[in-house]
Ligand code: CP
């Protein structure tokens, strides 16, 4: 019941044993959400700081709910409401927060590597809740958890990840995680949104959406990240949807029991049509539900001492 890693910084470096332990622990926390009183005393007396320097709906509320369901105290700090707005550095902010003895610091930051920097300067375990265009490991773990709720195993599945691969930390974390779990991963998007060197990740690469979707067991659609684009990567939204948007017609070539996923927030009518997003194949809201259980598992495994771990046996 003990992780080998002290911090959760990314899936690229996360050992397979740790991945299995997080997924197994999340399974045991999943049912807490169905109780009339949605709380267990697993992290009573512990403190979780959520440090969010970028907007978030799902990840921030999911970490906060996860901490509360474990009976931990959670504190939310955002860039605009903190002394970062007065010019304080990230390291000074983190070291000052650490002086208040948190048990875990969760950070989302626009710069790739920000959580890794904190991990060098802080004693508390650091969780990466999304760093720039680099990694979003808890999203990939909740995606794997959701797939496993529907499929017997991930090994041997064909997973197509489609859209704005260039700017997507979700794509990177998912490729590393799903490849470790034995999936065949296909990355697909317009050439302008596919950075060089993708095949080094161990994924197949195509610009042909039909090829990516053919016999796919899981389709993960990615949001067009307009906020990270300094140049124009496609001529128009209509053209993007025609070539790379997921419609019911295009989905016909996928496996009969295909799962449609999206990390959110969705651009309906841009990367996915509403009838698919809300259709029978969609597990998009299940991903959000499962995110709480996965983050409960991560907070518990990083913050629990021997006593709390023993009490959970
Ligand atoms: N999936 C995800 O990271 O969503 P938020 O940006 O709302 O946290």
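The values are calculated or read from the model by the stated rules, or taken from the named source; none is laboratory data. This structure is a prediction, so every number in the text was calculated from the model and none was measured. Positions of Cβ are backbone-derived with ideal geometry, glycine not excepted, and every protein chain shown enters the neighbour counts.
Quick notes on this structure:
- Tally of residues being closer than 19 Å to residue 258 by Cβ and in a loop (DSSP other than H, G, I, E, B) across region 158-194: 5
- Residue within region 273-280 that is surrounded by 14 or more Cβ atoms within 10 Å (Cβ to Cβ) and touching a residue at least 40 places away in the same chain (Cβ under 8 Å) present: no
- Filtered residues of region 37-62 (kept if under 16 Å from residue 128 (Cβ atoms) and either without any contact (Cβ under 8 Å) to a residue 40 or more places away in the chain or within 9 Å of the ligand (Cβ to nearest atom) (or both)): 52, 54, 56, 58, 59, 60, 62
- Listed by first and then second residue, the pairs linking a residue in region 96-115 that is at positive phi to a residue that is within 16 Å of the ligand (Cβ to nearest atom) and at pLDDT 95 or above, with Cβ atoms under 8 Å apart and 6 or more places separating them unless they lie on different chains, are 113/131; 113/132; 113/134.
- Among the residues of region 116-129, the one identified as over 15 Å from residue 13 (Cα atoms), touching a residue at least 60 places away in the same chain (Cβ under 8 Å) and crowded, with 24+ Cβ neighbours inside 10 Å is 129.
- Selection from region 195-219 of residues that are under 17 Å from residue 167 (Cβ atoms) and either out of contact with any strand residue (DSSP E or B) (no Cβ under 8 Å at 6 or more places or on another chain) or part of a helix (DSSP H, G or I) (or both): 195, 196, 197, 198, 201
- Of residues in region 94-121 being in a strand (DSSP E or B) and within 16 Å of the chain's Cα centre (by Cα), the one farthest from residue 79 (Cα to Cα): 106
- Cβ-Cβ contacts under 9 Å between residues 6 or more apart (or on different chains), taken from a first residue in region 243-263 that is free of Cβ contacts under 8 Å to residues at least 60 places away in the same chain and within 13 Å of residue 147 (Cβ to Cβ) to a second residue that is within 16 Å of the ligand (Cβ to nearest atom) and assigned to a helix (DSSP H, G or I), are listed as 260/277; 260/284.
- Filter result (closer than 30 Å to residue 85 by Cβ, touching a helix residue (DSSP H, G or I) at 6+ places or on another chain (Cβ under 9 Å) and assigned to a helix (DSSP H, G or I)) within region 26-60: 58, 59
- Qualifying residue in region 54-63 (condition: surrounded by fewer than 16 Cβ atoms within 10 Å (Cβ to Cβ) and at pLDDT below 95): yes
- Within region 66-96, being within 16 Å of the ligand (Cβ to nearest atom) and under 23 Å from residue 313 (Cα atoms) holds for 66, 67.
- Looking at region 220-313, the helices (runs of 4 or more DSSP H) lying wholly inside it that each contain 3 or more residues that are closer than 17 Å to residue 141 by Cβ and within 16 Å of the ligand (Cβ to nearest atom) sit at 284-303.
- Any hit, region 17-25, residues being within 16 Å of the ligand (Cβ to nearest atom) and touching a helix residue (DSSP H, G or I) at 6+ places or on another chain (Cβ under 8 Å): no
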